[in-house]
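**Student:** Below are the C-alpha coordinates for one structure; questions will follow.
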Amino acid sequence: MLQCPRKQPGNRIFHGVLPFSTQRFTAPVTVFGRRRTLGCILQLTDAAQTHPWPRGHPMSARRNSRDPLGAALDLVGDRWSLLIVRDLLQGRTRFSELRGSVVGIASNVLADRLKRLEAAAVIERRSYSIAPPRAEYFLTPKGHGLGLAVGALLLWGERYTAHELTIIDQACGHTVELVYRCPKCQHETPRLRLRIVEP
(Lines give C-alpha, C1' and ligand atoms only; values in the text may rest on other atoms or scores of the structure.)
Protein backbone atom coordinates (compact mmCIF):
# COMPACT_ATOMS: atom_id res chain seq x y z
CA MET A 1 0.00 0.00 0.00
CA LEU A 2 1.30 3.45 -0.92
CA GLN A 3 0.97 6.17 1.67
CA CYS A 4 1.88 9.84 1.50
CA PRO A 5 4.62 10.69 4.03
CA ARG A 6 2.81 13.94 4.88
CA LYS A 7 0.02 11.89 6.45
CA GLN A 8 2.24 9.69 8.58
CA PRO A 9 3.06 10.63 12.20
CA GLY A 10 6.69 11.68 12.49
CA ASN A 11 7.11 11.81 8.71
CA ARG A 12 7.64 8.06 8.69
CA ILE A 13 7.68 6.26 5.37
CA PHE A 14 6.93 2.56 5.48
CA HIS A 15 9.54 0.03 4.42
CA GLY A 16 8.75 -1.67 1.15
CA VAL A 17 9.52 -2.05 -2.50
CA LEU A 18 7.03 -0.07 -4.55
CA PRO A 19 6.32 -0.80 -8.24
CA PHE A 20 6.15 1.76 -11.00
CA SER A 21 3.05 3.85 -10.34
CA THR A 22 1.63 7.31 -9.83
CA GLN A 23 -0.64 8.00 -6.88
CA ARG A 24 -2.48 11.13 -5.80
CA PHE A 25 -3.26 11.83 -2.15
CA THR A 26 -5.48 14.54 -0.69
CA ALA A 27 -6.24 15.71 2.83
CA PRO A 28 -8.51 18.47 4.18
CA VAL A 29 -6.72 21.41 5.83
CA THR A 30 -7.74 24.79 7.28
CA VAL A 31 -5.88 27.85 5.95
CA PHE A 32 -6.73 31.27 7.42
CA GLY A 33 -10.05 29.91 8.62
CA ARG A 34 -11.01 28.42 5.27
CA ARG A 35 -11.20 24.75 4.39
CA ARG A 36 -8.88 23.69 1.65
CA THR A 37 -7.76 20.39 0.17
CA LEU A 38 -4.05 19.66 0.24
CA GLY A 39 -2.91 17.28 -2.45
CA CYS A 40 0.33 15.62 -3.40
CA ILE A 41 1.33 13.33 -6.23
CA LEU A 42 3.71 10.43 -5.61
CA GLN A 43 5.32 9.06 -8.74
CA LEU A 44 7.70 6.12 -8.63
CA THR A 45 9.74 5.59 -11.75
CA ASP A 46 11.78 2.71 -10.39
CA ALA A 47 11.78 0.25 -7.54
CA ALA A 48 12.51 2.14 -4.34
CA GLN A 49 12.98 1.20 -0.74
CA THR A 50 12.60 3.86 1.90
CA HIS A 51 13.41 4.03 5.60
CA PRO A 52 11.96 6.00 8.50
CA TRP A 53 13.84 9.12 9.58
CA PRO A 54 13.75 9.98 13.28
CA ARG A 55 12.13 13.33 13.96
CA GLY A 56 14.31 16.14 15.25
CA HIS A 57 17.56 14.52 14.15
CA PRO A 58 19.70 15.16 11.06
CA MET A 59 20.37 12.44 8.54
CA SER A 60 23.77 11.83 10.13
CA ALA A 61 22.03 10.64 13.30
CA ARG A 62 21.24 7.41 11.49
CA ARG A 63 24.90 6.44 11.70
CA ASN A 64 26.36 4.80 14.78
CA SER A 65 27.84 7.69 16.78
CA ARG A 66 29.88 5.21 18.86
CA ASP A 67 31.87 4.21 15.78
CA PRO A 68 34.83 6.59 15.22
CA LEU A 69 34.81 5.88 11.48
CA GLY A 70 31.13 6.77 11.27
CA ALA A 71 31.73 9.92 13.31
CA ALA A 72 34.58 10.94 11.00
CA LEU A 73 32.45 10.31 7.91
CA ASP A 74 29.67 12.41 9.41
CA LEU A 75 32.16 15.27 9.40
CA VAL A 76 34.19 14.83 6.21
CA GLY A 77 32.50 11.97 4.36
CA ASP A 78 30.69 14.13 1.80
CA ARG A 79 31.88 14.64 -1.76
CA TRP A 80 33.90 17.81 -1.16
CA SER A 81 35.37 18.10 2.34
CA LEU A 82 38.46 15.92 1.89
CA LEU A 83 39.19 17.60 -1.45
CA ILE A 84 39.19 20.93 0.37
CA VAL A 85 41.52 19.49 3.02
CA ARG A 86 43.76 18.16 0.24
CA ASP A 87 44.07 21.61 -1.32
CA LEU A 88 44.72 23.27 2.02
CA LEU A 89 47.51 20.74 2.57
CA GLN A 90 48.92 21.82 -0.81
CA GLY A 91 49.00 25.46 0.26
CA ARG A 92 45.87 26.79 -1.40
CA THR A 93 44.34 29.07 1.22
CA ARG A 94 42.05 31.55 -0.54
CA PHE A 95 38.47 31.00 -1.62
CA SER A 96 39.24 31.69 -5.28
CA GLU A 97 42.11 29.19 -5.23
CA LEU A 98 39.93 26.49 -3.69
CA ARG A 99 37.09 27.27 -6.09
CA GLY A 100 39.41 26.87 -9.06
CA SER A 101 41.06 23.69 -7.81
CA VAL A 102 38.12 21.60 -6.60
CA VAL A 103 36.59 20.64 -9.94
CA GLY A 104 32.82 20.89 -10.13
CA ILE A 105 32.13 22.58 -6.79
CA ALA A 106 29.74 25.54 -6.78
CA SER A 107 30.63 28.69 -4.87
CA ASN A 108 27.73 28.33 -2.44
CA VAL A 109 28.62 24.69 -1.74
CA LEU A 110 32.27 25.62 -1.11
CA ALA A 111 31.21 28.40 1.27
CA ASP A 112 28.94 25.96 3.12
CA ARG A 113 31.67 23.31 3.47
CA LEU A 114 34.17 25.89 4.71
CA LYS A 115 31.69 27.03 7.36
CA ARG A 116 31.09 23.45 8.46
CA LEU A 117 34.79 22.66 8.68
CA GLU A 118 35.39 25.88 10.60
CA ALA A 119 32.57 25.06 13.03
CA ALA A 120 34.14 21.63 13.58
CA ALA A 121 37.56 23.24 14.29
CA VAL A 122 39.10 21.51 11.27
CA ILE A 123 40.06 24.84 9.69
CA GLU A 124 40.37 28.41 10.87
CA ARG A 125 39.45 31.55 8.97
CA ARG A 126 41.79 34.56 8.95
CA SER A 127 40.69 37.86 7.43
CA TYR A 128 43.21 39.69 5.26
CA SER A 129 40.94 42.40 3.81
CA ILE A 130 38.10 44.38 5.35
CA ALA A 131 36.86 46.21 2.25
CA PRO A 132 35.99 44.07 0.44
CA PRO A 133 35.84 41.36 3.14
CA ARG A 134 38.19 38.54 2.25
CA ALA A 135 39.77 35.71 4.20
CA GLU A 136 42.22 32.85 4.00
CA TYR A 137 41.70 29.38 5.41
CA PHE A 138 44.23 27.27 7.28
CA LEU A 139 44.15 23.80 8.77
CA THR A 140 44.13 23.52 12.54
CA PRO A 141 46.09 20.73 14.28
CA LYS A 142 42.84 18.75 14.12
CA GLY A 143 42.67 19.40 10.39
CA HIS A 144 46.30 18.44 9.84
CA GLY A 145 45.43 15.12 11.46
CA LEU A 146 43.36 14.36 8.37
CA GLY A 147 46.56 14.44 6.32
CA LEU A 148 47.15 10.73 6.96
CA ALA A 149 43.64 9.86 5.79
CA VAL A 150 43.99 12.02 2.68
CA GLY A 151 47.40 10.51 1.99
CA ALA A 152 46.11 6.95 2.37
CA LEU A 153 43.22 7.61 -0.01
CA LEU A 154 45.53 9.36 -2.47
CA LEU A 155 47.97 6.44 -2.55
CA TRP A 156 45.08 4.00 -2.91
CA GLY A 157 43.73 6.06 -5.81
CA GLU A 158 47.15 6.16 -7.45
CA ARG A 159 47.40 2.39 -7.25
CA TYR A 160 43.91 1.36 -8.28
CA THR A 161 42.70 4.20 -10.54
CA ALA A 162 44.08 5.85 -13.66
CA HIS A 163 45.31 9.00 -11.91
CA GLU A 164 48.98 9.81 -11.42
CA LEU A 165 49.54 11.81 -8.26
CA THR A 166 51.64 10.73 -5.32
CA ILE A 167 53.24 11.89 -2.08
CA ILE A 168 56.97 12.58 -1.84
CA ASP A 169 59.48 13.51 0.82
CA GLN A 170 60.45 17.13 0.06
CA ALA A 171 63.98 16.54 1.35
CA CYS A 172 64.94 13.56 -0.82
CA GLY A 173 62.23 13.70 -3.48
CA HIS A 174 61.35 10.02 -3.13
CA THR A 175 57.81 8.65 -3.02
CA VAL A 176 56.74 7.75 0.50
CA GLU A 177 54.41 5.02 1.71
CA LEU A 178 52.11 4.75 4.70
CA VAL A 179 52.89 2.06 7.24
CA TYR A 180 51.34 0.91 10.51
CA ARG A 181 53.66 0.80 13.50
CA CYS A 182 53.22 -0.61 16.99
CA PRO A 183 54.57 2.09 19.35
CA LYS A 184 55.12 -0.38 22.21
CA CYS A 185 56.88 -3.13 20.28
CA GLN A 186 58.69 -0.65 18.02
CA HIS A 187 58.02 -2.59 14.82
CA GLU A 188 55.99 -2.17 11.65
CA THR A 189 52.70 -4.07 11.55
CA PRO A 190 51.82 -5.79 8.25
CA ARG A 191 48.44 -4.76 6.89
CA LEU A 192 47.17 -8.35 6.89
CA ARG A 193 47.71 -8.45 10.67
CA LEU A 194 45.49 -5.44 11.32
CA ARG A 195 42.19 -5.82 13.11
CA ILE A 196 39.66 -3.23 14.28
CA VAL A 197 38.48 -3.87 17.84
CA GLU A 198 36.55 -1.96 20.47
CA PRO A 199 38.66 -0.81 23.45
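The values are calculated or read from the model by the stated rules, or taken from the named source; none is laboratory data. These figures come from a predicted structure and were not determined experimentally. As a convention, Cβ positions derive from the backbone with ideal geometry for all residues, glycine included, and neighbour counts pool all protein chains shown.
**Student:** Please specify each residue of the range 63-110 satisfying the condition of being of a type in the set (Phe, Trp, Tyr) and not in a helix (DSSP H, G or I).
**Tutor:** Kept after step one, since they are of a type in the set (Phe, Trp, Tyr), are these residues of the range 63-110: 80, 95.
Residue satisfying the conditions is Trp80 alone.
**Student:** Another question about this same structure. Which of the residues belonging to the range 93-106 are without any contact (Cβ under 8 Å) to a residue 12 or more places away in the chain and of a type in the set (Ser, Thr, Tyr)?
**Tutor:** Ser96
**Student:** Here is a further query. Looking at (1) more than 19 Å from Arg86 (Cα to Cα); (2) touching a Leu at 6+ places or on another chain (Cβ under 9 Å); (3) at pLDDT 85 or above, which one does Thr189 not meet, given that it meets all the others?
**Tutor:** If we test Thr189 against (1) more than 19 Å from Arg86 (Cα to Cα); (2) touching a Leu at 6+ places or on another chain (Cβ under 9 Å); (3) at pLDDT 85 or above, just (2) comes out false.
**Student:** So, in the range 111-137, how many residues would count as being in contact (Cβ under 8 Å) with a residue 24 or more places away in the chain, in a strand (DSSP E or B), in contact with a helix residue (DSSP H, G or I) (Cβ under 8 Å, 6 or more places away or on another chain) and within 24 Å of Leu75 (Cα to Cα)?
**Tutor:** The qualifying residues number 3.
**Student:** I'm trying to understand the selection: among the residues of the range 157-197, which are farther than 19 Å from Gly147 by Cα and aliphatic (A, V, I, L, M)?
**Tutor:** Selection gives Ala162, Leu192, Leu194, Ile196, Val197.
**Student:** Evaluate the range 99-109: report whether one residue or more is over 30 Å from Gln170 (Cα atoms), surrounded by 14 or more Cβ atoms within 10 Å (Cβ to Cβ) and out of contact with any Leu (no Cβ under 8 Å at 6 or more places or on another chain).
**Tutor:** yes
**Student:** Residue by residue through the range 145-174, note down the ones that are without any contact (Cβ under 8 Å) to a residue 12 or more places away in the chain and either within 18 Å of Ile123 (Cβ to Cβ) or part of a helix (DSSP H, G or I) (or both).
**Tutor:** Gly145, Trp156, Gly157, Glu158, Arg159, Tyr160
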